[in-house]
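To keep things clear, I will list the structure first and then write my remarks on it.
The values are calculated or read from the model by the stated rules, or taken from the named source; none is laboratory data. Here the structure is a predicted model, which is why all the values come from computation and not from measurement. FYI the Cβ positions are ideal-geometry reconstructions off the backbone, even for glycines, and counts take in every protein chain you see. To get the accessible areas, we keep the full protein, side chains included, count just its heavy atoms, and leave off ligands, DNA and RNA. Shrake-Rupley method; radii C 1.70, N 1.55, O 1.52, S 1.80 Å.
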Amino acid sequence: MAGGGCVLAAAVFLFPATGAAATGWDDDPVQRAGRVMLAFGLLLTVLEANTIPNRFLRGLPHISTALAGLACVTPDPIVGLGILEASLAYGVFVVSRPAGQAMAGWALLRTGSVGMFLVLAGLLLPAGQAASGLLLACGIVMLAGLTPFGQPWREENDTLLFLPFAGAAILLSMRLRPHGGDAFDTALIAAGLASVWLTACAGRSHDGLRMFRTFPSALALIAVGTKADVAALLFLCGWCLAGGSRSERSWAARTLACFPPGAPFVGCLLLLSMMSDWSWVFTVLTLAGILCAVVRAVPVQGEGHAVWPQDAAGRVACVVLVVTGFLVPLAMMLGAF
């Protein structure tokens, strides 16, 4: 079923609905390609989670990815936010069912709900104002789980819910950008840049590796702020396929650190080329933060040189990441984006 979902998502990207059948999201190829990334993220999670004895946890990535996909295709972003809230509530119910997890579940629900409230408050204000842009940006940052503003990924099972959840939040931020105005773009860039530098300063400790999981999402929000949507899509690809519980593996660490030839590396090139037109100061700060994070977070021992995983899920992820890194620039040259 997960493999069939990948095929259907790819078919929708290649052959979108037109005319009366399109509801607005079909007109944006980045949104359609983002759904392909979410579908492959589900496939990878299913391949890795086939040994989980709890049937609720096994079914969680299916439900969360399906709801995240629905949130991205709704004509009204407010409806999409409501669907994300339902996905969050169900995921927290599944994660916090074991004894002793009630407080952790409440913390996850509280953080996500505060982010939803901030986004809705920003949508109630007139479009283009600084207050509405700041509220929207703060809410999106919390929904995306950006360090240190969002809920940290403390438990391994949380990734079954929050990988598609944060991916959908990044895609929705592109549709909220016209309402937020310049303040929304600037706030996203500032928050993403702060998260990048916090990751760079965390070092090689266990906490630093945990913070490194949110590195692609921080770069994706910077890309959304600079209107580099294709770069955000490439960072989203790395987030869905190499983030979460896989971030401590050598191939995933290299992907998250934007090593070539994966999709995040190509996203870095596109992002820096777009940021140079926006602000040279932010471009230099972003480039320095990326280099510092890579030097301090990527393992330098012998295991860091392994680039081909031994498990089936890792091989699928590596192939998709490399193919995406080559195909997306080709699609840009052909006018698909």
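Where only protein heavy atoms count, and the probe is 1.4 Å, what is the accessible area per residue for the chain in Å²? If you can, show how the numbers build up before the last one.
Values: 13910 Å² over 337 residues.
The answer is 41 Å² per residue.
Residue-normalised convex hull volume from the C-alpha trace of the stretch 57-244: 101 Å³ per residue.
In this rough spin-label picture, where each label sits 7 Å from Cα along the Cβ direction, the L269-V295 distance is 2.3 nm. Measuring nothing but protein heavy atoms, the accessible surface of the chain at 1.4 Å probe radius is 69 percent carbon and sulfur. Here is what passes the span test in the chain: the DSSP H helices with alpha carbon length of 24 Å or more along the helix axis and a Kyte-Doolittle mean of 0.0 or above are 29-48, 55-73, 77-95, 102-124, 159-202, 280-297, 312-333.
Each stretch of four or more DSSP H residues adds -39500 (n - 2.57); spread over every residue of the chain, this sum gives -24500 deg cm²/dmol at 222 nm.
Taking trypsin sites (Lys or Arg not before Pro) as exposed when their DSSP state is a loop state and no more than 16 other Cβ atoms lie within 10 Å, the longest site-free interval of the chain runs over 1-153. Reducing the stretch 106-138 and the stretch 76-104 to their Cα centroids gives an inter-centroid distance of 18 Å. Based on Cα atoms of the chain, Rg over Rh with Rh as the Kirkwood radius reads 0.94. Positive-end ranking of A11, G335, G180 along the dipole of the chain, with charges on Cβ about the Cα centre, is headed by A11.
When the chain is treated as a GNM, springs tying every alpha-carbon pair under 10 Å, which of P98, P178, P148 comes out with the largest mean-square fluctuation? In the Gaussian network model the winner is P98.
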